[in-house]
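The values are calculated or read from the model by the stated rules, or taken from the named source; none is laboratory data. Quick caveat, the model's predicted, so the values are computed rather than measured. Cβ placement follows ideal geometry from the backbone for every residue including glycine, while neighbour counts extend to all protein chains displayed. Surface areas here come from the heavy atoms of the whole protein model, side chains and all, with no ligands, DNA or RNA. Shrake-Rupley method; radii C 1.70, N 1.55, O 1.52, S 1.80 Å.
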Amino acid sequence: MSLASDVRMYARFAVGLRRFMRERTTLEEAYAIVRRRLAEREQMFLRIVERGVYGHPGSPYLPLLKMAGCELGDVRDMVRTRGVEGTLEALRDAGVYVTFDEFKGRLPIVRNGRTFEVSAREFDNPYTRRHFETRTSGSTGAGTRILYDLDHMAAIIVNSSIAKHIQGLEGKPIVAWRPVFPAGAGMAGLLRNARSGDDLRRWFTPVLPGELHVSMKYRLATEYVLATARLAGMRMHRPEPVRLDQAIVVARAAAETVKTDSACLVRAYTSLALRIARAAQDAGLDLTGVTFTGGGEPPTPAKVRGITESGARFTSSYGMTETGGVAKACVLPLDQTDVHFCEDMLAMIQTPKTLDGSGTVVQALVYTTLLPTAPKLMLNVESDDFGIVETRSCGCPFDELGYPRHIRQIRSFKKLTGEGMTLVGTDMVRVLEEVLPARFGGSPLDYQLREEEDERGYTRLTLLVNPRLQIADEKEIVETLLGSLTQAGAGAEITRAMWAQAGTVRVRREEPVWTSTGKLMPFRRSAA
């Protein structure tokens with residue numbers, strides 16, 4: 001994005017932020033908005049298709065629809081007879097879908113022998129006001145750029161307000177341990193707290209200033225949000241640097257909040273929540289009254305057990321940078337991963353995907369945006385996640401609201417995750433197959449990365465290195481791997497800094513493991 005575009009975007013941000021923070025949505029209004037969206041779901045989908053696809057000549061979905069011989073009238077007819085999900089399934093079968101790598105602009109769209117070059121920017125919603133941008137961790141270039149519209153943030157906050165009410169978290173004071181801008185979670189959380197009038201007592205950041213080099217625009221944006229919130233009469237704290245090995249600081253802040261207010265909500269990635277809980281247990285600190293709400297990575301049984309052993313409660317959440325919240329934690333769950341799909345914001349179908357090398361077939365989650373304010377327009381976009389989707393009556397208030405579909409045991413088949421920070425694997429392939437062999441010898445057959453949980457429940461990335469290679473200092477291998485991530489932009493820089501702090505990457509002198517079909521895959525993932 002050019003300097004002039006940045007200036008215009010942040011000028012809109014400066015003007016729009018004051019209005020954004022002044023306005024409030026009551027709980028009753030939030031319920032009314034969600035119920036109206038659910039009642040108008042088919043019309044919302046058709047408006048997105050009509051205006052954002054057929055009404056936008058640059059839409060990357062148009063060539064696919066033309067190849068399928070599908071006009072706008074055909075879509076309308078299908079929605080009338082098959083509903084939204086039935087229409088999406090028919091479009092998918094006709095070749096109207098976008099894979100994860102195509103959506104990220106890493107691969108061209110290839111259908112029926114024809115190739116369409118696309119970039120990630122072509123999926124931007126052309127009708128949003130674009131108030132600010134963040135970066136995902138990414139894997140190529142500067143990572144994926146996400147443009148935020150404050151109207152969209154206001155639109156999805158209503159779902160968060162309802163979730164807090166249903167989960168018994170409404171009005172609870174908050175302690176947050178999230179990275180600073182340009183990480184989307186930090187800024188989005190800060191704005192969500194301000195808009196909702198949440199009582200944010202402390203904001204800790206695990207990434208220290210000296211560990212991260214971010215552009216001036218991101219620093220200024222953070223300062224502007226803090227200043228504007230204070231002028232609006234809101235309590236807003238500057239982020240306090242707390243390293244990962246100092247998690248006891250966050251644990252004590254949460255425990256002190258419980259003493260004064262009888263409760264505390266801690267917002268942190270799942271692994272960071274585990275670090276807080278483990279630090280509390282090691283210090284003999286009881287976290288009864290604390291509720292952790294986690295995301296950023298799967299809440300595995302080992303992680304959840306480690307968190308709740310501290311006396312705290314845990315609720316899961318599931319979202320994507322491109323859409324915001326996707327699903328909210330069930331209060332009568334089958335397991336700790338059980339979440340209700342937000343039917344008013346997105347449509348979802350599944351499609352079978354074969355995992356590389358293993359031959360295992362999973363049901364990938366495929367999304368379509370319904371809200372006109374969404375930063376990205378998605379029409380049958382395959383995520384890199386899969387899971388169990390069930391329609392059942394659980395008896396909890398989300399069911400009564402109109403969210404009958406549950407998703408459980410969500411996992412990624414393309415991303416590497418550690419400390420809540422994710423990195424899409426394609427850039428790591430380059431490191432394993434080019435950078436490490438060039439620096440330490442051997443070939444791509446001598447290196448493999450394995451995602452697994454250690455004995456305390458922390459996610460580790462274990463680098464298997466063939467013992468035949470003569471390497472004097474294994475720490476140098478880790479430093480080289482992490483150093484390569486600095487080339488992937490601000491989002492990946494945050495990942496690098498947090499992985500370096502946590503010791504996420506470790507080396508094991510062991511031959512890489514081949515599949516039963518005779519393939520050597522660069523990554524192996526834990527079975528959890």
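Structure data summary
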| item | result |
| --- | --- |
| Given (1) at pLDDT 80 or above; (2) surrounded by fewer than 16 Cβ atoms within 10 Å (Cβ to Cβ), number of the condition Leu445 does not satisfy | (1) |
| Residue, farthest from Ser161 (Cα to Cα), within the range 230-269, restricted to residues that are modelled with pLDDT of 85 or more and charged (D, E, K, R) | Asp245 |
| Single condition Gly306 does not satisfy, out of (1) outside any strand (DSSP E or B); (2) modelled with pLDDT of 95 or more | (2) |
| In the range 83-101, the residues that are closer than 22 Å to Ser412 by Cβ and open to solvent by 10 Å² or more (accessible area, probe 1.4 Å) | Arg92, Tyr97, Thr99, Phe100, Asp101 |
| Number of the condition not met by Leu265 [criteria: (1) in contact (Cβ under 8 Å) with a residue 60 or more places away in the chain; (2) open to solvent by less than 10 Å² (accessible area, probe 1.4 Å); (3) in contact with a strand residue (DSSP E or B) (Cβ under 8 Å, 6 or more places away or on another chain); (4) not in a strand (DSSP E or B)] | (4) |
| Of residues in the range 485-528 being open to solvent by less than 10 Å² (accessible area, probe 1.4 Å) and polar (S, T, N, Q), the one modelled with the lowest pLDDT | Thr495 |
| Hits in the range 316-335 - residues which are surrounded by fewer than 23 Cβ atoms within 10 Å (Cβ to Cβ) and over 15 Å from the mean Cα position of the chain (by Cα) | Val331, Leu332, Pro333, Leu334, Asp335 |
| Lone qualifier among Ala227, Ala185, Ala221, Ala194 - being under 16 Å from Leu17 (Cα atoms), part of a helix (DSSP H, G or I), modelled with pLDDT under 80 and open to solvent by 10 Å² or more (accessible area, probe 1.4 Å) | Ala227 |
| Search result, residues across the range 270-301 that are part of a loop (DSSP other than H, G, I, E, B) and either at pLDDT below 95 or of a type in the set (S, T, N, Q) (or both) | Thr288, Gly295, Gly296, Glu297, Pro298, Pro299, Thr300 |
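Conditions tested, residue by residue: (1) over 30 Å from Arg305 (Cβ atoms); (2) touching a Ser or Thr at 6+ places or on another chain (Cβ under 8 Å); (3) modelled with pLDDT of 95 or more; (4) of a type in the set (Phe, Trp, Tyr).
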site: Tyr318; (1), (2), (3), (4): no, no, no, yes
site: Gly324; (1), (2), (3), (4): no, no, no, no
site: His340; (1), (2), (3), (4): no, no, yes, no
site: Pro352; (1), (2), (3), (4): yes, no, no, no
site: Ser358; (1), (2), (3), (4): no, yes, no, no
site: Tyr367; (1), (2), (3), (4): yes, yes, yes, yes
site: Leu370; (1), (2), (3), (4): yes, no, yes, no
site: Ala374; (1), (2), (3), (4): yes, yes, no, no
site: Asp385; (1), (2), (3), (4): no, yes, no, no
